[in-house]
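**Q** Would you mind keeping the following structure in view while I ask a few things?
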Amino acid sequence: MKMLSLLAVALIPSFAFAETTDAANFAWASAVAIAVAAVGGAYAQGKAASVALDGIARNPSAADKLFTPMIIALALIESLVIYAFVIAFLIKPAV
């Protein structure tokens, strides 16, 4: 989280005070968008898997009840990352 905050503090002023909207600014925006989505998605997937496996370890008989919701949650998290990837390509200007 500290690294993400540092990245935001370092990059946001350059976008706010840019005089033109050239291709470089859009390229930075798409790169930051996909980087934040990838980091956030990886963290969320790791946390979801960790909590589900911890629950299975504490109560092995609940493995069947925890497995399907965990897979659905991981799929939804991954879909958000894919949406960010698509949006990053839509932001990127045609060169």
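Laboratory data are not the source of any read-out in this text; all were calculated from the coordinates shown. Just so you know, these numbers come straight off a predicted model, no measurement behind them. In this analysis, Cβ positions are derived from the backbone assuming ideal geometry, glycine residues included, and neighbour counts consider all displayed protein chains.
**Q** Scale the Cα Rg of region 37-95 by the rule-of-thumb value 2.2 N^0.38 Å and send over the ratio, two decimals. Kindly include the intermediate steps, with their values, before the conclusion.
**A** Numbers: Rg = 15.5 Å, N = 59, 2.2 N^0.38 = 10.4 Å.
So the Cα radius of gyration is 1.50 times the expected 2.2 N^0.38 Å.
**Q** With θ taken as phi - 60° and the coefficients 6.51, -1.76 and 1.60, list the Karplus ³J(HN,Hα) couplings across region 55-67 in order, rounded to whole Hz; mark glycine and proline as x.
**A** Once rounded to whole Hz, the list reads x, 5, 5, 6, 9, x, 6, 8, 4, 5, 6, 8, 5.
**Q** Could I ask something else about it? With contacts defined as alpha carbon pairs under 8 Å and 6 or more residues apart, what's the relative contact order of region 37-95 in percent?
**A** 46 percent
**Q** Here's a follow-up. Sort Phe85, Phe67 so the one with the fewest other Cβ atoms within 10 Å of its own Cβ comes first. Working shown, then result.
**A** On the way: Phe85 16, Phe67 12.
Going from least to most buried by this count: Phe67, Phe85.
**Q** Using each residue's phi in region 34-43, evaluate 6.51 cos²θ - 1.76 cosθ + 1.60 at θ = phi - 60° and report the 3J(HN,Hα) Karplus result to the nearest Hz, with x for Gly and Pro.
**A** With the stated coefficients, region 34-43 comes to 6, 5, 5, 5, 5, 5, x, x, 5, 5 Hz.
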